[in-house]
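Derivation of every value follows stated rules applied to the coordinates shown; laboratory data play no part. This is a predicted model, so every value here is computed, not measured. Ideal geometry is used to build each Cβ from the backbone, glycine not excepted, and the neighbour counts take in all protein chains shown.
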Amino acid sequence: MSNAKVILVADDDENDVFFLRRAFAKSGLLHTLIHVSDGQKAIEYLLGEGIYGDRNSNPFPDLLLLDLKMPKTDGFDVLATLQSLPALELPVVVFSTSALTVDVQMAKKLGALDYVMKPVDQDEMLKVVLTLHERWLSGAFPVSGESSKGLAPRESDFP
């Protein structure tokens, strides 16, 4: 297993975050999950603003798991903000209950590297966690904006 990574989870549904944490614990993966409950807090965290200014306490994440439908600032606005700040190199995986084609296409257009449907079953959640680890946290994919090396969304990544 690779070294533990930091995952920022931007999601307003406490139950989804609970089951995600449970799946990570069950998997044996030692990644740290940091939870924010809306898109505005996600942006503040990523920029190291306000209460998130201390990077020792609030390390820059290795992955952003981003829900789309959140209060204050939704996931699309977070993606648009990240797109406007190319210095923030971060893989973003949309983690949503929405299966709407328009949502998938918009997330892709705004720079999401992957789109994962939130599973309703704990065994499926464990599979999602293991796939996230393999694909985005195991070191197999460089995080340096090198889209020619597999970081750009592929058509097969989106339904």
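Values computed for the structure shown
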| quantity | calculated |
| --- | --- |
| Estimated D of the range 47-120 in µm² per second, where Rh is the Kirkwood radius over Cα pairs and Stokes-Einstein applies at 4 °C, 1.567 mPa s | 99 |
| 10 Å Cβ shell holding at most 11 others, DSSP loop, trypsin sites (Lys or Arg not before Pro): longest site-free stretch of the chain | 56-153 |
| Rg(Cα)/(2.2 N^0.38 Å) for the chain, N = residue count | 0.96 |
| Of the DSSP H helices in the chain, those whose Cα atoms cover at least 18 Å axially and whose Kyte score averages -0.5 or more | 14-27 |
| Global geometry of the range 1-77, whether rounded, prolate or oblate, following the gyration tensor of its Cα atoms and the 1.5 cut on a/c | oblate |
| The range 91-131 shape via C-alpha gyration tensor axes, a/c threshold 1.5 | oblate |
| Relative contact order for the chain, counting Cα pairs under 8 Å that sit 6 or more residues apart, in percent | 23 |
| Label-point separation, ASN15 to GLU124 (7 Å along Cα→Cβ), nm | 1.4 |
| Order of ILE51, ILE43 under a 10 Å beta carbon neighbour criterion, fewest first | ILE51, ILE43 |
| Total formal charge among the other residues, if their Cβ is under 11 angstrom from that of GLY39, Lys/Arg +1 and Asp/Glu -1 | -4 |
| Cα centroid separation, the range 119-138 to the range 44-87 (Å) | 22 |
